[in-house]
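**Q** I'd like to ask some things about the structure below.
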Amino acid sequence: MKTGLVWDERYMWYDFGSYASVFNDYRFIQPGTQPETPESKRRILNLLETAGLLEQLKLIKPACVSNEELALVHDLDYINRVAEISADHGGYAGSGLLMPSGGFELAALAAGGTKAAIDAVLNKEVSNAYALVRPPGHHAEKDTGMALCVFSNIAVAVKSAMQEHGLRKVAIIDWDAHHGNGTESAFYSDPSVLTLSIHQDQMIYGRGFVEHNGEGDGEGYNLNIPLPPGSGTGAYLTAFERIIIPAVTQFGPDLIVVASGLDAGFSDPTARMLLHSESFRLMTRYTMELAANVCSGNLVLSHEGGYDPTMTPFLALAIFEELSGLKSRITKEDNPFEGPYTGFIVEEHQKLSEQQDQFLQRAENMLRFIT
Ligand SMILES: [Zn+2]
């Protein structure tokens, strides 16, 4: 079976409007553009084609999720507000979140793309799948959009798929550099979904702390793994070995979904982590092995952040090579972000520093809650 790719040109049409980097208050800052432009995503598709991989993937076309599916996660008031703003020439749908005219349908199509990828995997149409969706979703809360996210793509798709496919348990691994606050909120008291987020410490104000580990019946089923800025391959792979793999194995899900933000790449403008193509290749390999061991290989990745338009496609290429088992015509030597360019990163950050080890020990202590 082939690896599935969810893609729709309309994902590129969501326009976040005028910003200056992540700011949209122009009293003392010159207006400009947002890091979250279509470019880094469109270039992923283009590099897959250039590399000779695109034609070997199975294209999956998405459909919008219904309002009933959105309501599995979001308040009706919020859904209606977004629909009204979208129908009425656009406006703000949350803190700094510009909703263009027609944005409601595009956001519902992004959640629908994640759902389509899950359906294709569970229906055995593909071996695994990557939903290259936009706008992203993992910061959207129940009652508000946040940080470029309108609807919680993965949470909506997972809740809908659990009903339709009769899944008992799902594990969500968020490797975006920013904490997956919206996904955490959606399942915070739900023991049937294990949410894990590995992220740069304190990048989302007041969220993502180790101590935030779920509540009520869901206590223990939310694992935050904050890491200090400057963490690289060594810290991330150790987090997999010591926390993510044991937690998911113990939990025993029917499906693993990855919130695949690529903004922990070393040249990303919105974070300060030091991953590169080979880091994402190894994290994908670890996750595939984990899925093979616990849930018959049922694995879906849904795109989140990743804002350097030149580097991000090479990070994604490594993920797609690993998912599909195919080698592209672009070798490691051809990758401008490997070799001498990353020499200092690869050597210095293969090992775990003392500070990173202390961070991981605190997260590791929370494993005791999972039964
Ligand atoms: Zn991010």
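The values are calculated or read from the model by the stated rules, or taken from the named source; none is laboratory data. Model, not experiment: these values are computed from the prediction. Cβ: placed from backbone, ideal geometry, glycine included. Neighbour counts: every protein chain shown.
**Q** Residues of segment 98-150 being closer than 21 Å to Arg42 by Cα, within 16 Å of the ligand (Cβ to nearest atom) and part of a loop (DSSP other than H, G, I, E, B), which ones?
**A** Hits for segment 98-150 are Leu132, Val133, Arg134, Pro135, Pro136, Gly137, His138, Ala147, Leu148, Val150.
**Q** Moving to a separate point now. Within the set of pairs 6+ apart or on separate chains, which have a first residue in segment 68-87 that is more than 21 Å from Glu164 (Cβ to Cβ) and surrounded by fewer than 22 Cβ atoms within 10 Å (Cβ to Cβ), a second that is modelled with pLDDT of 95 or more and aromatic (Phe, Trp, Tyr), and C-beta atoms under 8 Å apart?
**A** Ala83/Phe104; Ile85/Phe104; Ala87/Phe104
**Q** Please go through segment 294-316 and pick out each residue that is within 22 Å of Ser40 (Cβ to Cβ), hydrophobic (A, V, I, L, M, F, W, C) and not in a helix (DSSP H, G or I).
**A** If the condition is that a residue be within 22 Å of Ser40 (Cβ to Cβ), hydrophobic (A, V, I, L, M, F, W, C) and not in a helix (DSSP H, G or I), then Val300, Leu301, Met311 are the ones that fit.
**Q** Could you grab the pairs with beta carbons closer than 8 Å, sequence gap of 6+ or different chains, first residue in segment 298-318 and among the charged types (D, E, K, R), second one assigned to a helix (DSSP H, G or I)?
**A** Asp308/Ser40
**Q** Can you say whether Asp254 is of a type in the set (Asp, Glu), within 29 Å of Gly4 (Cα to Cα) and touching a Leu at 6+ places or on another chain (Cβ under 8 Å), as far as the supplied structure shows?
**A** yes
**Q** Out of (1) farther than 22 Å from His178 by Cα; (2) in contact (Cβ under 8 Å) with a residue 24 or more places away in the chain; (3) outside any loop (DSSP other than H, G, I, E, B), the odd one out for Gly52 is which?
**A** That leaves (3) as the condition not met.
**Q** Can you tell me how many residues in segment 25-49 are among the charged types (D, E, K, R), under 14 Å from Tyr307 (Cα atoms) and not in a helix (DSSP H, G or I)?
**A** So the count comes out to 1.
**Q** Considering each of Ala318, Ala264 in turn, give the residue that is away from the ligand (no atom under 16 Å from the Cβ) and small (Gly, Ala, Ser).
**A** Ala318
**Q** Would you be able to tell me the number of residues in segment 9-24 that are in a loop (DSSP other than H, G, I, E, B) and either more than 10 Å from Gly103 (Cα to Cα) or free of Cβ contacts under 8 Å to residues at least 24 places away in the same chain (or both)?
**A** So the answer is 5.
**Q** Among the candidates Gly232, Gly206, which residue alone is farther than 19 Å from His138 by Cα and either of a type in the set (Asp, Glu) or more than 16 Å from the ligand (Cβ to nearest atom) (or both)?
**A** Testing whether each residue is farther than 19 Å from His138 by Cα and either of a type in the set (Asp, Glu) or more than 16 Å from the ligand (Cβ to nearest atom) (or both) leaves just Gly232.
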